[in-house]
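Below is one structure, written out as structure tokens; comments come after it.
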Amino acid sequence: MDHQFDRVSVIGLGYIGLPTAAVLANRGINVVGVDVAPEVVDRLNRGEVHILEPDLDVLVRAGVNSGHLKTTLTPEPAQVFVIAVPTPFREDRSPDLSFVESACRAIAPVLERGNLVILESTSPVGTTERVAHWLAEARPDLTFPKCPTDRGDVYLAHCPERVLPGRILRELVENTRIIGGITPGCAAKAEQFYRTFVSGRCILTRARAAELCKLTENAFRDVNIAFANELSLICARLGIDVWEVIELANHHPRVNILQPGPGVGGHCIAVDPWFIVHSAPEEARLIRTAREVNDAKPEWILRRMLDASERFKEPRIACLGLSYKANIDDLRESPALHIVEAFARRRLGEVFVVEPHIPALPPALKEHAHVGLTDLSTAVERADIVVGLVDHEAFKTLDRSALMSKVLIDARGMWR
């Protein structure tokens, strides 16, 4: 073990912070995880997890039992501080960096000369420099680099996560990491840290380039999904099966159209392109349009559900899926959840929700007495209308004969 990194603090124990902390702890590194939620801290210290990710529970339990992983509400001294807190946007779609600022001010009292601070939260360009500013405000006795030629007491870098839910533990180790330092020395120090657990390539650059790189990756995906979603609208207008058109077009050796859906969710692709638009509004025309296309798709699905409901006096509707993508429990920015919430508010009839990856309805749906979480077979049997919102594996095996007498709205192409 590299003794300069034998104690690491991870700030924010969500979908990125907790797996990172668990992987480090199981490398024999002493990890102090920090979260603002007391119930999360208590559960983790008992070796229990609060998020669904394959094998994460085993890794956390092993880290806690070995003594290498503990969780607190308040940061403690460490050699490395990894900030992995949310970076949402406000109602006007401007970046909300309040969680990052709070994390900086929380760790500031325990920082020491020679420490390394890494921002992993996906952030607008210039955020790492703002981290330096916030830390300098809180610790005037220390110096923090603000440009590539500075020498500071503390090393600052940005290394955005680039993992896929369901494969996080593997991809944290195997994926290429883009490491952007405020200075070249900061990037080199951060690379030394990541080499304690990363087997993939580590590519060094400046912090601003690393920040924009992650935003660019997600904007690229968003633009391509928007093309598929817009194509689905065109095909619906023309009475053509969009999935057949895409399948045919993808036989071209240089065409690879993605699959349409009810919109785009998750904390990354549905959010990050707006950071680019906010930083360069006049130039980011295509990126803005793609976001608007994808943001409008849930309303289009909702209109189809409302039109179908007019055929029945008191429609019974089965909504299959709430998560933002298949086979996970993550509801963040989920278009499926947005659609079900919007339909439920209209109180047109009974709503059967099927989401096999969550134990209970989220608060926004619990308040509706006519909405219930149920199993797949019961929901389909009782429903007049069946809406496929998420292509969970459990839904793909549904007996097609059970759908013969139903009105189908298939946003994922599961029942072609």
What residue, among those in region 358-387 that are of a type in the set (Gly, Ala, Ser) and in contact with a Leu (Cβ under 9 Å, 6 or more places away or on another chain), is surrounded by the most Cβ atoms within 10 Å (Cβ to Cβ)?
-> Ala379
Looking only at region 300-314, decide whether some residue is open to solvent by less than 10 Å² (accessible area, probe 1.4 Å), assigned to a loop (DSSP other than H, G, I, E, B) and farther than 22 Å from Phe89 by Cβ.
-> no
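Here is a yes/no grid of residues against (1) surrounded by fewer than 20 Cβ atoms within 10 Å (Cβ to Cβ); (2) under 24 Å from the mean Cα position of the chain (by Cα); (3) part of a strand (DSSP E or B):
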| position | (1), (2), (3) |
| --- | --- |
| Thr20 | no, yes, no |
| Gly33 | no, yes, yes |
| Val40 | no, yes, no |
| Leu52 | yes, yes, no |
| Leu59 | no, yes, no |
| Ala62 | yes, no, no |
| Glu76 | yes, no, no |
Tell me, which helices (runs of 4 or more DSSP H) lie completely within region 319-383 with 3 or more residues that are touching a residue at least 40 places away in the same chain (Cβ under 8 Å)?
-> 335-345, 376-382
If you take the residues in region 103-124 that are surrounded by fewer than 19 Cβ atoms within 10 Å (Cβ to Cβ) and of a type in the set (D, E, K, R), which one is nearest to Gly14 (Cα to Cα)?
-> Arg105
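Quick grid of which residues meet (1) acidic (Asp, Glu); (2) farther than 24 Å from Pro273 by Cα; (3) crowded, with 22+ Cβ neighbours inside 10 Å:
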position: Gly126; (1), (2), (3): no, no, no
position: Arg139; (1), (2), (3): no, yes, no
position: Pro145; (1), (2), (3): no, yes, yes
position: Gly152; (1), (2), (3): no, yes, no
position: Leu156; (1), (2), (3): no, yes, yes
position: Asn175; (1), (2), (3): no, no, no
position: Cys186; (1), (2), (3): no, yes, yes
position: Ala190; (1), (2), (3): no, yes, yes
Failed condition for Phe5, given (1) at pLDDT below 95; (2) open to solvent by 20 Å² or more (accessible area, probe 1.4 Å), with all others met?
-> (2)
Is there a residue being of a type outside the set (Asp, Glu) and in contact with a Leu (Cβ under 8 Å, 6 or more places away or on another chain) anywhere in region 277-294?
-> no
Selection count where residues are surrounded by 20 or more Cβ atoms within 10 Å (Cβ to Cβ) and either within 30 Å of Cys147 (Cα to Cα) or without any contact (Cβ under 8 Å) to a residue 12 or more places away in the chain (or both), scope region 213-241 | 4
Hits in region 388-403 (condition: part of a loop (DSSP other than H, G, I, E, B), open to solvent by 20 Å² or more (accessible area, probe 1.4 Å) and modelled with pLDDT of 90 or more) | Asp391
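The values are calculated or read from the model by the stated rules, or taken from the named source; none is laboratory data. Predicted, not measured: the structure shown is a model, and the values here were computed from it. Reconstructed Cβ throughout: ideal geometry from the backbone, glycine too, with neighbour counts over all protein chains shown. Just so you know, the surface numbers come from the protein's heavy atoms only, side chains and all, with ligands and any DNA or RNA stripped out. Shrake-Rupley method; radii C 1.70, N 1.55, O 1.52, S 1.80 Å.
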